[in-house]
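So the structure is just underneath, and the comments pick up after that.
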Amino acid sequence: QVQLVESGGGLVQSGGSLRLSCAASGSIFRISAMGWYRQAPGKQRELVVRIGSGGSTTYADSVKGRFTISRDNTKNTVYLQMNILKPEDTAVYYCNLHSVARDYWGQGTQVTVSS
């Protein structure tokens, strides 16, 4: 069974930075794609960025150049560095692990960007 635990959310002013972390239990982390999704109030959950097991990345256009995903397979952890944050980045951010069998989700962490 895989468990994902996110941390690092909070309140920040527009233009500021936050770093999210997602620690995964289980042995499939290093062979799985990881991703960050977000869901704002009244909106559907959307992909922010994904990183494959080999390190390839896919970013949403809205965060390109501002957000950076990375993974540390020795710590079973994926990170999301968020810079130049905007009020429209306000959402609950969810960590995702995509395996062949199924997707796993974290509990979510709130990111609020004030203008």
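Summary table
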| item | result |
| --- | --- |
| Globularity index of the stretch 10-115, i.e. its alpha-carbon radius of gyration over 2.2 N^0.38 Å | 1.03 |
| Reachable aspartates and glutamates, given that their alpha-carbon falls under 18 Å from the alpha-carbon of LYS64 and they are not under 8 places away in the same chain | GLU46, GLU88, ASP89 |
| The stretch 74-115, accessible surface, carbon-and-sulfur percent (1.4 angstrom probe) | 53 percent |
| Choice from ALA24, ALA91, ALA60 with maximal GNM fluctuation in the chain (Cα, 10 Å cutoff) | ALA60 |
| Most mobile of SER56, SER21, SER99 in a GNM of the chain (Cα contacts under 10 Å) | SER56 |
| Range of Cα positions in the stretch 55-115 per principal axis (Å), largest first | 40, 23, 22 |
| Backbone HN-Hα couplings from phi across the stretch 85-97 [Karplus 6.51/-1.76/1.60, Hz, Gly and Pro as x] | 5, 10, x, 6, 7, 4, 4, 8, 9, 10, 8, 10, 10 |
| Hz values of 3J(HN,Hα) by residue in the stretch 68-76 - Karplus curve (6.51, -1.76, 1.60), Gly and Pro given as x | 9, 9, 8, 9, 10, 5, 6, 10, 6 |
| Cut-off under 5 Å, modelled amide H: who pairs with THR90 long-range | VAL113 |
| Most mobile of VAL63, VAL78, VAL49 in a GNM of the chain (Cα contacts under 10 Å) | VAL63 |
| Residue among MET82, GLN44, SER56 farthest towards the positive dipole end of the chain, charges placed on Cβ | SER56 |
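The values are calculated or read from the model by the stated rules, or taken from the named source; none is laboratory data. Just so it is clear, the model here is predicted, and its values are computed rather than measured. So basically every Cβ, Gly included, is an ideal-geometry build from the backbone, and we count neighbours across all protein chains shown. Heads up: the accessible areas ignore ligands, DNA and RNA and are worked out on the full protein's heavy atoms, side chains in. Shrake-Rupley method; radii C 1.70, N 1.55, O 1.52, S 1.80 Å.
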